[in-house]
Structure formats: structure tokens, C-alpha cells
Amino acid sequence: MYELIKKAVDDDNAAIEISKMENKDVVAVVDSISQLSLEETMKLGMQFKRFPLGCDLTEVVAGTCASDLELMDLLGNCRLADMIGAPIHICAYAFSDIGEKFGMSGLDVMKKVHEVVDVPLDLDHFGENGAMRLPKNISGCGGECYNKGPAFTECPRGRIHERLMDKELEQKDDKEDWVKLSSSVAVNVTSEQTGDGHAAPLKEAIDIANLAKKYDKGLESIMFVGDGYDEVITGFEKSIEIGADVVVVEGGPFNRCENTTEAFAKTIAAARILSPGKVVATNGAYEHEVRAGLRSGLNMVITGFPKNHHGYMCGFEPGTARRGKFGLPRVIQIINEEFPNRGLPVQKHDLLALATAVKIAGSDYIYPRKIGSYAIGDAHWATLVNSTMYKNIQLKHTLDEIVNLAEGNTIALHGGRFISWVIANELDKYVDEIIIADVDRWVLDNTVTNLQDALDATIIGETDDKKASKNADFSIASSTMIPVKENVLKKVPNALTIV
């Protein structure tokens, strides 16, 4: 495996070979990446962030809640996150604490948030009794471990993972309803990585993982860098065992390595290869780790509003990371410094375009279902299905209508990403030739190769939209992104548009 991973740093074919492996050996992947230099690690991680090897998005997820917020402030935070297109990370204990203050259940608060936003809702701090309940010394923690840093030697206050079980049991009947309203659910496997003072036992993670799967929700697994090797291996193995779609890597004081930058980068790069749903996130990382992670393929940073604990857990260094920080704008700035002029992170219009593609494909067609060697989309696609945004989208044409409107024996699809794979797969029953047109040679080549392996029709690649249309009987602008659609129409004005 080492030789293949070493080769994949610069060689597309080697990276593709690894990405197609059904059951990757966690130990071999972690061991191989541990032997790479930091520069090689970063190149490898970014290689596996490319379409279609993995998820090529870069986004923020916003923690909007804290136990001592007013309900109005929580709802305002959620509306603001929704306006900018940041999925909302829900700390169930905080929703329940806010609800208690206003004579409501935690689920009632969850319902109110669900009513006012349409971005995906990511549920965390959820256990065998439903919403976890924590004493005030934890729910109002000032973030000493992150502020003191850099290495985790148990909580500076010496506390353990305390729970208010009586309060949890009072609202246990609401457990499944929380999950029904969520788009994804996060569980924690760090108790298996020597973090038993930090997280609930694995049996609770398994219980909630099974519940998430019961309702077809995305599943996130939170692990930490720890010692950078044995504990990383355990984290990945447990994440895969419980059926996680997304791997969330925590650094900060939970990165005990001598070279924290390198260790975080290597864990992210390994996650890029091992994450089943191709999405790699961090819920806690110092600024130097966030920057190294972004350069190594990290595509989701969980941050937060003031008082929310994620507000200080990403993007700040020891001595400055403490409760009350507003991490969201800082993380957005860090992302833009690392990837200038890219229009990042993903915004509301990007999410809407992606959700439209998901709705055209249909929930039965997407990740984890494959066409050829790759799943249709990534864990984002499965998560978006469970969002209000998805439910509210009114399609211009359904998938069946798109296929029925196509005329002739040679069809050109202008746009080579996942939605074109779905359309091509449906057209394959009726046509002999499908032309894929895309200006991005990497996207084009991988799409043509994958579809040719999977379909009976002859798949032809073309970088020029006008040539593709000229050689086809019918053209379809197979992109749900409005700027891309408009650009295609300038060259092929009679193309069928799907949005």
C-alpha cells in the first residue's frame, strides 16, 4: 500500500486505483501516510478531494446554540446561518436547557428551528436517552482545555463526562422525534481512543448510529488525533464499524503529537481516503491545524456563534481560544486566505443547486448507490434529502421527463458531474451514443471512463459545447448551477435546461 499511496501523491491513476478499493486496510493507509513528508501529505489529501475521488466542497457548519442564550437569540442565530447557507450544528443539551428556561421541551425548540430554516440540521450531543443533559460547569465551560493547550491531559478542572440522567429520562420519549427532524446525527468514538473522560461509552454511539440508519439520516463519527497513530487507527476502525458516512477529526488539545501540524494533516489525508461518504470535517482544531487541514483535503469546518463551544474550538490558537468567541467569520476568513478567489465557503445558492441535483436524481439513486466505480455524490447528497430545502424545491423537469424530452440516438450532456451520470444512466436504455461536454478535462476524462465502464452506449468526451451539440441530435444542459447553465445556453441556445 505504501508504494501505491506514495505514487498517488502525483499520479492520478494510482489515486483512482485506491479510491476504487472496496475495503481499504486502515492500518496500511495510516502507516503509509505516516511515512510521507508534510508536503507529500498535503498533495495526497488534495488529490483525494478532487471530483470524483471524493467530496470537493469546502464549507462551514455553524453551531448556533448555547445553554444561556435567549430563545430569540437562538432563532436569530439560526436564521443568519440559514441566510448564508451554513448547515446548523445542533447541540441537543443546549436546546433542552433553553427550552427548560422557557417552559418548553428541547424537542419543542428543535421544532421551532426546523420551522424557520431550510438548511440541513446536524444533531449532536445525543445519547441513549435522547438529548444529553449536562451540569452547568460543563454546559457553560469557558474552554480551558483549548485555551491552555496544546496537549490533552484530561480536563483542567479534573471533571469527567458528567450527565444529568434524571433530566434526560424525563424527555426520553422524544428521542426518535429529534432524529426524524434532523438531516444527520453525530456520534463520538473517542471513548475507544482513550478519551473515556471526554465522551459517552461506545454503546451509546452504536445505539444512536442504529437510530440514524433506521431513519436514513447521515451519520457522522467524531474521533481525535490523539497520539497520531494507534489512536488514529482505532478512531477510523470504530467509525467504519458503526457505519459512519462522515469522519470528523478533532485536534486542538486532543492532538498530543510532538508536531501537531503534521499529525493533523496526516489524519485528514488518511480520512480523505477512508471516509465512506467522502466528507471529512473538523469540530475542533487550532488555527495552524485548520490551515494545514484545509491544504490536506479538509472540506468541512464546524464553527460557531458566541457562547457556542464550537465558536472557539476552530481557528484560534492557545491563549486566545475561549468561550464567547465568534468563530464563524474567522473561519470564513481563514478559508479565503487558504483558497483565495474561489468564492468559498459554499453558500446558500450553491446548496440550492446541489439540492436540486439531488432531487432530480431522487433519493434512491444517490450515495451510497453507485454507477460504475463511484457513488452518486457523497454524504452531502444523502444529508440534503432530509432537509427542508430539498422538500421545498419545485423541479422544472423530473428525471423521467428529461429523458422523455430527449430526441434522437445521440444525446449531448453539457456538464460532466454527477447529475449527468444519472441522466446518462437513464438514457442508456434508449440511445447508442452519449456525448459528455465539459471544459474541465479532469472531470470529463473521469466521467467518460466511468460511464463507459458502466453503460452500453458509446460515451464520447468533448471539451467544446458547440462541437458536442453539432454532433448530437439533442442537447441537455445537465447542470443545476445557474451560471453554468447560462454559459451553456450562450453556446447552445436550444439546449434543454433542467433548472
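The values are calculated or read from the model by the stated rules, or taken from the named source; none is laboratory data. As the structure is a computational prediction, the values presented were derived from the model and not from experiment. Note that we place each Cβ from the backbone using ideal geometry, even for glycine, and neighbour counts take in every protein chain shown. What goes into the accessible areas is simple: the full protein's heavy atoms, side chains included, and nothing from ligands, DNA or RNA. Shrake-Rupley method; radii C 1.70, N 1.55, O 1.52, S 1.80 Å.
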If I compute solvent accessible area with a 1.4 Å probe over the protein chains, what percent of it on the chain is carbon and sulfur?
49 percent
Just the accessible area for VAL385, please: 1.4 Å probe, Å², rounded to the nearest 10?
30 Å²
Give me the net charge of ALA66's neighbourhood, meaning all other residues with Cβ under 11 Å from the Cβ of ALA66; Lys, Arg count +1, Asp, Glu -1.
-2
Using a 1.4 angstrom probe with every protein chain in place, what is the largest-first accessible-area order of ARG133, ARG256, ARG163?
ARG256, ARG163, ARG133
Cα gyration tensor shape for the range 1-57, rounded if a/c is under 1.5, else prolate or oblate:
oblate
Heads up, the range 100-252 by the C-alpha gyration tensor (a ≥ b ≥ c square roots of eigenvalues; a/c under 1.5 rounded, else a/b over b/c prolate, else oblate) looks oblate
Between GLU486 and ASP453, what FRET efficiency follows from the Cβ-Cβ distance if R0 is 22 Å, with the result rounded to 0.05?
0.10
On the formula 1/(1 + (r/R0)^6), with r taken between the Cβ atoms of ASN336 and GLU258 and R0 of 25 Å, the FRET efficiency rounded to 0.05 is 0.25
Go ahead and run the numbers for FRET between TRP442 and LYS466, Cβ-Cβ distance against an R0 of 22 Å, rounding to 0.05.
0.55
accessible surface per residue for the chain, probe 1.4 Å, DNA/RNA/ligands not counted, whole Å² -> 38 Å²
For MET313, MET83, give the ranking by accessible area with the largest first, probe 1.4 Å.
MET83, MET313
At what distance in angstrom do the alpha carbon centres of the range 1-61 and the range 192-223 lie from each other?
26 Å
Mean Cα-pair separation over length for the chain, i.e. relative contact order, pairs under 8 Å, 6 or more apart, %
14 percent
Length gained if ASP31 through THR320 is fully extended, taking 0.36 nm per residue and subtracting the Cα-Cα distance, is 100.7 nm
Largest-first ordering by accessible area, 1.4 Å probe, given options ARG441, ARG323
ARG441, ARG323
Taking a label point 7 Å from the Cα of LYS391 along Cα-to-Cβ, the residues of the range 313-355 whose backbone nitrogen sits under 18 Å from it are 352, 355
Distance in nm between label sites at LYS214 and MET83, each 7 Å beyond Cα in the beta-carbon direction?
3.8 nm
Counting helices only, and only those DSSP H runs with n ≥ 4, report the 222 nm mean residue ellipticity of the chain as the sum of -39,500 (n - 2.57) divided by its residues, in deg cm²/dmol to the nearest 500.
-13000 deg cm²/dmol
Please tell me the relative contact order of the range 395-499 in percent, rounded to the nearest whole number, where contacts are Cα pairs under 8 Å and at least six residues apart.
32 percent
Using alpha carbons only, how many angstrom separate the centre of the range 356-415 from the centre of the range 267-317?
29 Å
Radius of gyration and Dmax over the Cα atoms of the range 434-499, both given in Å
11.6, 32
If the chain between TYR2 and GLU144 were fully extended at 0.36 nm per residue, the gain over the current Cα-Cα distance would be 47.2 nm
If you take the charge dipole of the range 367-425 about its Cα centre, with +1 on Lys and Arg Cβ and -1 on Asp and Glu Cβ, which of ILE371, GLY416, SER387 is farthest toward its positive end?
SER387
With the Cα gyration tensor of the range 301-416 giving a ≥ b ≥ c as the square roots of its eigenvalues, does the rule (a/c under 1.5 for rounded; else a/b larger than b/c for prolate; else oblate) give rounded, prolate or oblate?
prolate
